[in-house]
Amino acid sequence: MEGNSDMHHAPQRTVLVTGASRGVGAQVAQRLAAPDTHVVVNYRENAARAEAVAAAIRHAGGHASTVRADIADEAQCAQLMDTIAARFGRLDTLILNASVNVELGAHPGYAMRRNRDAQRRLALRALPLMPAGGHIVFVTSHQAHFFPHKAVPKGHTAVAASKQAGEATLRALRPEFHRAGVHFTVVSGDAADPTFPGAIVMAANAPNPSSVVCVGGSDFRLSA
């Protein structure tokens, strides 16, 4: 695991945020900064950007480190969870934020592997490390959450379908989450909505979170 942990005492809580080096993931990771929390900032390519996020968390009084892993790669996913197990022995919260987006021009097959298969694999690998009361939060968009009942813009269908499939796949795991005493929440929103990161953090921190949180987007709800 890369990055300076800056740990003067062992935090009581470990949180993994996937895709945390930029955008909503970075904002969520920074808002999780707390003296009793160690945030693992997952990134795929840009180490400098990830370390900047970790540094901001430490500057705010929290603890953080960075780890490079493409969650769509099974071996890297396994190594990520093995590293967390070896260093912390537990994972209290998993925020599944990393996903392929429209701007990447993803092939539908790759979108499914990343937005559906990778999310399921990471959740299942995390579950044995999670104590009762742990949280798994799946971050999605309104376009995906309400797909196919709400039309999406041209070129967005493959990504919306794959994210919706990822949500459905994780929902199918709820009996396993329930047996482990782990909360599962879907947070749907718009990346441009300034309240979106805060809603994700609230779902990750709530003792008894809702199963679904929709942030804004009343037009989507009314037409779904």
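The values are calculated or read from the model by the stated rules, or taken from the named source; none is laboratory data. None of the values given here were measured: they were computed from a predicted structure. Note that we place each Cβ from the backbone using ideal geometry, even for glycine, and neighbour counts take in every protein chain shown. Heads up: the accessible areas ignore ligands, DNA and RNA and are worked out on the full protein's heavy atoms, side chains in. Shrake-Rupley method; radii C 1.70, N 1.55, O 1.52, S 1.80 Å.
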### Task
Could you look through the range 42-59, keep only residues that are farther than 21 Å from Val100 by Cα and charged (D, E, K, R), and pick out the one that is least open to solvent (accessible area, probe 1.4 Å)?
Arg58
### Query
Do any helices (runs of 4 or more DSSP H) lying entirely in the range 164-224 carry at least 2 residues that are modelled with pLDDT under 95 and not aliphatic (A, V, I, L, M), and which ones are they?
218-223
## Note on the structure
Over the range 11-42, the set of residues hydroxyl-bearing (Ser, Thr, Tyr) and outside any strand (DSSP E or B) is Thr18, Ser21
### Summary
Per the filter on the range 27-41, residues open to solvent by less than 10 Å² (accessible area, probe 1.4 Å) and in contact with a Lys or Arg (Cβ under 8 Å, 6 or more places away or on another chain) are Thr37, His38
